[in-house]
Each structure stands twice: as structure tokens, then as C-alpha cells.
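Read the structure below first, then the notes.
Nothing in this text is a laboratory measurement; each read-out follows from the coordinates by a stated rule. Note that the structure is predicted; figures quoted are calculated from it, not measured. Note: ideal-geometry Cβ built from the backbone for every residue, glycine included; neighbour counts use all protein chains shown.
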């Protein structure tokens, strides 16, 4: 019995970070399916359209920063929104390595639609929380977000030791004997004659 109690105490299921990651995955899966069904876009496309639509225009660098999406993936997502006629693209005079996107008329219309979809889904998701606990929930989310950003920066610092790589379980190859020097062309001719 003591052994199963120890397992329960050391289970990842009880860690706040594990539970939050699971909750985030479930919420994202729900939102992605909802957006796909209602507007035909993925959750990441809708998040980008939502941010840019709210801001009026946004640099690619800011999109990556605000969404947390890696640059190459964000680039493909933004390109898909441009190709769909939802964004117009122009150069960023403040940063020549970046560009700015702005919603087209079609993009602004879809922005309003996805915002309504998100608002309705958000209300369905939060309805389980009593109204008086929602404020505390959002305060906790903000505190955890700030702490996560601080911790993420610390992990990236160069002072951290390099990761220890797991030793491979494959057996080492036996040393190969050295090859003999190639015979010179005259040696080849004399061998062929023999």
C-alpha cells in the first residue's frame, strides 16, 4: 500500500504545470475544432488574425513575439492569410528585416466573425466558474504568465550548463583495418598481364 501511495505523491498529474499544460492542450483542441467548423481557419491563423485585426496593423516581429509562434511557422501562417486575401503586406520602415501586415476589408469582416466565435466559446468555457471567482482566475493567469516569461528567459541564459546527452545503447563499431595503399597504375597493368 505504501508503494502505491508514493506513486500517487510523485505523479505528474498532481503538478500544477502538468495540469496547466493539459488544460491548455484541451482548450486549444476545442478552440481549433470550433474555428475550423465555423470559419475554416486553424486556431493559430485565427489568433494572428485576431491580434492584427485588433491592432489595425502589426509587424511580423511583433506577431511572433505576441503569439509565441516560432518564426518559420508564423511565416507560413501569415503567408496563408495573405494568399487568402485576408492581409495586405508592406515593408516595415523601422525594421528592414521585418514587414507589416494589415487586414483587408475581407480580413476585417472575418476578424469580427472570429471575435464573436471566440467570445461565445469563452463564455461557454468559463460558465463552470462562479462569477465571483473569475476575477481571481484571471489574476492567477496573469501572475503565472509573468512568472513563466521570467523563467523562460532564465533558461535561455548562457550560464546554464549544457544538457547532458543520453548515452547511446548501440554497441560501438569495431575499428576498421586500414586499407592498403592503392596500387599505382603500372602495378595494375602488371597484375592484369599475369
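Quick notes
- Relative contact order of region 10-129, defined on C-alpha pairs under 8 angstrom at six or more residues apart (%): 25 percent
- Between the beta carbons of residue 97 and residue 37, assuming R0 = 41 Å, the FRET efficiency works out to 0.65 to the nearest 0.05.
- Cα-projected label distance for residue 150 with residue 82, points at 7 Å along beta-carbon direction, nm: 3.9 nm
- For region 10-129, the gyration tensor built on C-alpha atoms gives an oblate shape. Its axis ratio a/c (a ≥ b ≥ c) is at least 1.5, and a/b is not larger than b/c.
- Each peptide among 57-64, 36-43, 18-25 gets the average number of other Cβ atoms lying within 10 Å of its residues, and from highest to lowest they stand as 57-64, 36-43, 18-25.
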